[in-house]
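Asks: What follows is a single structure, and I will ask about it in a moment.
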Amino acid sequence: MLSNHIKEATKAPHQQLEVVVVKKLKSIRSQADYADLLKHFYAYFSKVEQAVAPYINETVLPDYAERRNSSYIKADIEALGESVETLPHAVAPGIVNTISALGALYVLEGSIMGGRIIVQMLEKAGITQGVSFFSGYGEATGQMWQRFTEVLNRYAPTEDDEAQAIAAANATFKQFGDVFVGAAVSA
């Protein structure tokens, strides 16, 4: 099943991204620092959401409208008194079909799983505002992840399908990391 294979096949780029994000999290000393981190997430998530939009809808992912998305990040940025006018440069991976879209969403949806840890890190830095995005689905987080992986598995019945999803997920991890080294641009 893809949900088992994709985790192992994306382990290296996932860990590389995690190192970059954790380093950025540990450097947060103010709400402005935190808003800057959120701008990186917003820049990238909004680009990926645009790339997957032609392939993902309620037919593919029945609870898609209920899922966390970049609008939560934007609201968190605004709750911190900032705007999304100036964002880091972000480029979404090439998404060409439903299975590659699901591979990219594996990364975005998977980010929820670490959200509680991020909220705890922020609380230690005295930041309690603007955490709706990282709070994920609250008590329903595990259930939402399970529903997502069921869809992922259903849409990847062949090895070729799995390879496409894994390639998209690996590209999504890598290109998300690239956002943290890019220069700011206007939205």
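The values are calculated or read from the model by the stated rules, or taken from the named source; none is laboratory data. Model, not experiment: these values are computed from the prediction. All Cβ positions, even for glycine, are placed from backbone atoms using ideal geometry, and neighbour counts span all protein chains on display. Surface accessibility is based on the protein's heavy atoms, side chains included, excluding ligands, DNA and RNA. Shrake-Rupley method; radii C 1.70, N 1.55, O 1.52, S 1.80 Å.
Asks: Once the Cα gyration tensor of segment 48-143 is found, what semi-axes does its equivalent ellipsoid get, as square roots of 5 times the eigenvalues, in whole Å, sorted largest first?
Replies: 25, 17, 12
Asks: Further question on the same structure: Taking the Cα centre of the chain as origin, work out the dipole magnitude from +1 charges on Lys and Arg Cβ and -1 charges on Asp and Glu Cβ, in debye rounded to 20.
Replies: My answer is approximately 520 debye.
Asks: Sort segment 108-187 into rounded, prolate or oblate with this rule: let a ≥ b ≥ c be the square roots of the eigenvalues of the Cα gyration tensor; rounded if a/c is under 1.5, and if a/c is not under 1.5, prolate when a/b is larger than b/c, oblate otherwise.
Replies: Oblate shape, in that a/c is at least 1.5 and b/c is the bigger or equal ratio.
Asks: At what distance in nm do the modelled label points of ASP178 and ARG154 sit from each other, each positioned 7 Å from its Cα along Cα→Cβ?
Replies: The answer from the label model is 3.3 nm.
Asks: Now for a separate question. What FRET efficiency comes out for ARG29 versus HIS89 if R0 is 25 angstrom and r is the Cβ-Cβ distance? Round to the nearest 0.05.
Replies: The formula returns an efficiency of 0.55 here.
Asks: According to the square roots a ≥ b ≥ c of the eigenvalues of the Cα gyration tensor, what is the shape class of segment 69-117, taking rounded for a/c under 1.5, prolate for a/b larger than b/c otherwise, and oblate for the remainder?
Replies: oblate
Asks: Over the chain, give the accessible area per residue in Å² for a 1.4 Å probe, as an integer.
Replies: Here the per-residue accessible area is 50 Å².
Asks: Working out 0.36 nm times the residue gap between GLN146 and GLU66, then minus their Cα-Cα distance, what length gain in nm do you get to one decimal?
Replies: 27.3 nm
Asks: Tell me the carbon and sulfur percent of the accessible area for segment 49-144, rounded to whole percent, probe radius 1.4 Å.
Replies: 51 percent
Asks: Please give, to one decimal in nm, the separation of the simple spin-label points placed at VAL22 and ASN4, each 7 Å out from Cα toward the Cβ.
Replies: Placing both labels 7 Å along Cα→Cβ, they lie 2.7 nm apart.
Asks: Something else: For the chain, what does -39500 (n - 2.57) per DSSP helix run (n ≥ 4), summed and divided by total residues, give at 222 nm, in deg cm²/dmol to the nearest 500?
Replies: Working: 8 runs with 114 residues, N = 187.
-19500 deg cm²/dmol, from helical runs alone.
Asks: Normalising by the residue count of the chain, find the relative contact order in percent from Cα pairs under 8 Å and 6+ residues apart.
Replies: Taking the mean separation of contacting Cα pairs over the length of the chain, I get 36 percent.
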